[in-house]
Amino acid sequence: MADPVTATLLVASTAIGVAGSARSGRAEQSAANFDAEQIQKNAKRSYAAGTRAFAEEKRFGDLAASNARASIAAGGGDTTDVSAIRDQSVIDRESSYNALTALYDAQVQSEGQTYQAAARKQEGRNAKRAGNIKALATLISGGTDVYGAVKKPKKGSY
């Protein structure tokens, strides 16, 4: 049988190892959750910037169409003429395309960041689970060490 100091030290080191492993897993999960929150906030900002870019592109398109009509009218042309209408429809199509492209790009970026945040949260859950498993393994290993240190040898063994 081991002396009480050795047994106490084995129990203490096992307890510290268990607590450290579990705490480490929780800390990693906490850090991952914080990262995920930041990424999610960035996703919302990206989408907001895209909606602003959409509005700006629409405004630029409306301004270009207005300038085209004013230019035609100032030159003595008829704004309802076939070529004037065709030119205005080209401007409208291009501005709508640019605005929708800006919105789509922002939405894709935002979705990518949302998926990244979800993955980071999962990494945190996995880290916590790994910490708990390591704590359990440390407990089992330490328990075995303590048992080996305190058990009485069988009669006839050296």
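Some points to look at:
- Of the candidates Ile72, Ile39, the single residue that is among the aliphatic types (A, V, I, L, M) and either within 30 Å of Lys151 (Cβ to Cβ) or more than 24 Å from the chain's Cα centre (by Cα) (or both) is Ile72.
- The set of residues in segment 24-73 that are farther than 28 Å from Asp105 by Cα, in contact (Cβ under 8 Å) with a residue 24 or more places away in the chain and surrounded by fewer than 17 Cβ atoms within 10 Å (Cβ to Cβ) comprises Ser24, Arg26, Ser30, Ala31.
- Scanning segment 10-23 for residues that are of a type in the set (Gly, Ala, Ser) and either surrounded by fewer than 16 Cβ atoms within 10 Å (Cβ to Cβ) or without any contact (Cβ under 8 Å) to a residue 12 or more places away in the chain (or both) returns Ala12, Ser13, Ala15, Ala19, Gly20.
- Exclusive hit being crowded, with 17+ Cβ neighbours inside 10 Å and either of a type in the set (Gly, Ala, Ser) or farther than 30 Å from Ala36 by Cβ (or both), set Ala119, Ala130, Ala99: Ala99
Computed from the coordinates by the stated procedures, all read-outs in this text should not be read as laboratory data. Please read these numbers as outputs of a predicted model, since none were measured by experiment. A quick note on method: Cβ atoms are made from the backbone with ideal geometry, for glycine too, and the neighbour counts reach across all protein chains shown.
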